[in-house]
Amino acid sequence: MKQKSIILTAILIIGAAAAAAQPIIETGSVKPMPDVWIDKDTGHKIVRLSGNTGNAIKNWYFHNNPFFGSPGHREDKMVFSDVDINQVPQVFAMNLKTFKSVQLTFGPSPKTLAATSAQKTHEFIYQSADTIYAGNPDTKKTRLLYVVKPAEHVGLTTVTADATMVASASSMPEQAAILKQYPAKSDYFQRIYNAHLLNTITTLDLKTGISKKVHQENNWLGHVQFSPVDPDILLFCHEGPWEKVDRIWRYNIKTEQLVLMHQRTMPNEIAGHEFFSGDGKVIWFDLQKPKGKTFFLSGTDVQSGRPVATYQMTADEWSIHFAVSPDNTFFAGDGGDSTQVAKAKNGQWIYLFRPAGKRFVSEKLVNMKAHIYREKPQTKGLEPNVHISPDGKWVIFGGNFEGTIQTYAVEIAGRP
């Protein structure tokens, strides 16, 4: 018994020493920050994943899925793009338990990584020169999927869960011309919407090579994403001022059925920034009834189109983007500054949300007051784009509070 007590005491001492080795500091108060630190205001541990030079890991958009993690595989991984020692874009994978990275692709040809992965086959999808490949992040083995024909346009915006089809949206040249002439979002956004140019969603069957224009209309289309589990379900949105568009649409590849996933019920109601739950059963989205007044995260059943749940939050808790945990029990948000739609007075936080009845109970994970959300003169803005790791232990996000764009992970478990 005495020996067990001594061992337990030693473990506690070692654990306390390890915790003490992590500085408790205000996030963004020094440049650079330590590699690992405890946020002074929240008590949560933060780890920089991208080194201290910036841009080592691209900040994935919130609805993309760069993760692999499931029973039967070695460990949870995150795939990302970076350049190798020869400055050639390659694909890398990070072990989310050790935060160590390994290079997965090689050779002189630049690699373009698809925005989403094929979850059913446990593969990442990328293009090298004229060839599209699938790669396994565990074995590092690759297989050829498709050789792109001359003058054939193939978009890797999203890939089906079984790696059999890719899809992307395209527009008329006039739309690209507007974007080139007015590169700031505040300048191009309304102009592109007002132009109502022809937009097309195209799929490419990687087995047959058959390309198909599955949807066309004179509206700005975006956020194209396949279901993470069902190869037949494709989600896209109408871009533009949210109060003016019927935003969220689901398309069935087999039946060609097109369904509006949220119908507005009052003037100036907005819904958007839609994304799938990990099991593909629910489409979650930011809902405001009306815009800038009352804030919710709402979910709609993918198959039936019926509402599943709606959780209210305060203006300060409202976030530009949200994420749901793999087990669908909690959510994360990336907050926002006072210039965003919620006009938050104290909203610059990375948040954890737990449902409690019809509301969210929030916990602050990272103080983002030193982070710049919107672009300012001589300063590049960044939306943090939160993701939750496959094991549900970390929220991964982007930040510029060190003066460069970095990727971080904050541990959900805080100090006792």
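The values are calculated or read from the model by the stated rules, or taken from the named source; none is laboratory data. Keep in mind it's a predicted model, so treat the numbers as computed, not measured. Heads up, the Cβs are rebuilt from the backbone with ideal geometry, glycines too, and the neighbour counts pull from every protein chain shown. For the accessible areas, the whole protein counts, side chains as well, though only heavy atoms, and no ligand, DNA or RNA atoms are used. Shrake-Rupley method; radii C 1.70, N 1.55, O 1.52, S 1.80 Å.
Residues checked against (1) exposed (fewer than 14 other Cβ atoms within 10 Å of the Cβ); (2) within 21 Å of the chain's Cα centre (by Cα); (3) touching a residue at least 60 places away in the same chain (Cβ under 8 Å):
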position: GLN127; (1), (2), (3): no, yes, no
position: GLY135; (1), (2), (3): no, yes, no
position: ARG143; (1), (2), (3): yes, no, no
position: PRO150; (1), (2), (3): yes, no, no
position: VAL154; (1), (2), (3): no, no, no
position: ALA161; (1), (2), (3): no, yes, yes
position: VAL166; (1), (2), (3): no, yes, no
position: SER171; (1), (2), (3): no, no, no
Within the range 42-64, restricting attention to residues that are within 23 Å of GLU363 (Cβ to Cβ) and of a type in the set (D, E, K, R), which residue is modelled with the lowest pLDDT?
ARG48
Quick one: how many residues across the range 136-168 are closer than 16 Å to PHE67 by Cβ and out of contact with any Asp or Glu (no Cβ under 6 Å at 6 or more places or on another chain)?
5
Candidates LYS149, LYS120, LYS97, filtered to the one that is under 21 Å from GLY280 (Cβ atoms), of a type in the set (Lys, Arg) and part of a loop (DSSP other than H, G, I, E, B):
LYS120
Please determine, by comparing only the residues of the range 203-218 that are open to solvent by 40 Å² or more (accessible area, probe 1.4 Å) and in a loop (DSSP other than H, G, I, E, B), which one is nearest to LEU145 (Cα to Cα).
LYS207
Among (1) in contact (Cβ under 8 Å) with a residue 60 or more places away in the chain; (2) at positive phi - the single one GLU256 does not satisfy
(1)
Checked PRO71, PRO108, PRO89 against criteria (open to solvent by 20 Å² or more (accessible area, probe 1.4 Å), more than 20 Å from the chain's Cα centre (by Cα) and modelled with pLDDT of 95 or more); the one match is PRO108
For ALA323, are the conditions met, namely being outside any loop (DSSP other than H, G, I, E, B), surrounded by fewer than 16 Cβ atoms within 10 Å (Cβ to Cβ) and of a type outside the set (Lys, Arg)?
no
Leading residue by the ranking (farthest from PRO307 (Cα to Cα)) among those in the range 249-262 that are crowded, with 19+ Cβ neighbours inside 10 Å and of a type outside the set (Phe, Trp, Tyr):
ILE253
Of the residues that make up the range 362-381, is at least one over 19 Å from GLU274 (Cα atoms), among the aromatic types (Phe, Trp, Tyr) and either open to solvent by less than 60 Å² (accessible area, probe 1.4 Å) or part of a loop (DSSP other than H, G, I, E, B) (or both)?
yes
From ARG354, ARG359, ARG306, which residue is basic (Lys, Arg), without any contact (Cβ under 8 Å) to a residue 24 or more places away in the chain and out of contact with any Leu (no Cβ under 8 Å at 6 or more places or on another chain)?
ARG306
Using beta carbons and a limit of 8 Å, which pairs, at least six apart or on different chains, have the first residue in the range 215-235 and of a type in the set (Phe, Trp, Tyr) and the second one open to solvent by less than 10 Å² (accessible area, probe 1.4 Å) and assigned to a loop (DSSP other than H, G, I, E, B)?
TRP220/GLY240; PHE226/THR160; PHE226/ALA161
Here's a check for you: in the range 398-416, which residue that is part of a strand (DSSP E or B) and open to solvent by 10 Å² or more (accessible area, probe 1.4 Å) is modelled with the lowest pLDDT?
GLY414
Within the bounds of the range 221-236, is there any residue that is charged (D, E, K, R), outside any strand (DSSP E or B) and out of contact with any Ser or Thr (no Cβ under 7 Å at 6 or more places or on another chain)?
yes
ASP246 - would you say it is among the acidic types (Asp, Glu), open to solvent by 10 Å² or more (accessible area, probe 1.4 Å), under 26 Å from ARG374 (Cβ atoms) and more than 22 Å from the chain's Cα centre (by Cα)?
no
Is it fair to say VAL395 is part of a strand (DSSP E or B) and modelled with pLDDT of 95 or more?
yes
